[in-house]
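The values are calculated or read from the model by the stated rules, or taken from the named source; none is laboratory data. Computed from a predicted model, the values in this text were never measured in an experiment. Reconstructed Cβ throughout: ideal geometry from the backbone, glycine too, with neighbour counts over all protein chains shown.
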Amino acid sequence: MATPQLGNTQDISCRAWLKAQGFKVTLTGGDVMVIPTANPDQLRLLRRGAVEAVWTVEPWVTRLERDATARFLEDKETITTWLVSSVKFL
């Protein structure tokens, strides 16, 4: 499984979700290997079959669905993006 960057929001969410499902995940292996991968490289790796899944954000979700015929699965219990703003902006 690919994530955009080691330690970013998607990487941490991915690892936490896998652990909650009972998988052992470490930085170098375990039951599932999570590979920090630059967003532009995720499409190529998924197309080639070098990774079987990607935990990422838009616009890459849409690109993976469209260009790699991937399927989007949403976890509505996990919040991975927050909007922080001034009161004036809101």
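Values for this structure:
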item: THR78 modelled with pLDDT under 85, surrounded by fewer than 15 Cβ atoms within 10 Å (Cβ to Cβ), on the phi > 0 side of the Ramachandran plot and in a loop (DSSP other than H, G, I, E, B); result: no
item: Test: residue in region 36-48 that is assigned to a strand (DSSP E or B) and modelled with pLDDT of 90 or more; result: yes
item: Residues located in region 62-75, provided they are modelled with pLDDT under 85 and either exposed (fewer than 10 other Cβ atoms within 10 Å of the Cβ) or part of a helix (DSSP H, G or I) (or both); result: THR69, ARG71, PHE72, LEU73, GLU74
item: Hits in region 1-55 - residues which are among the acidic types (Asp, Glu) and surrounded by 14 or more Cβ atoms within 10 Å (Cβ to Cβ); result: ASP11, ASP41
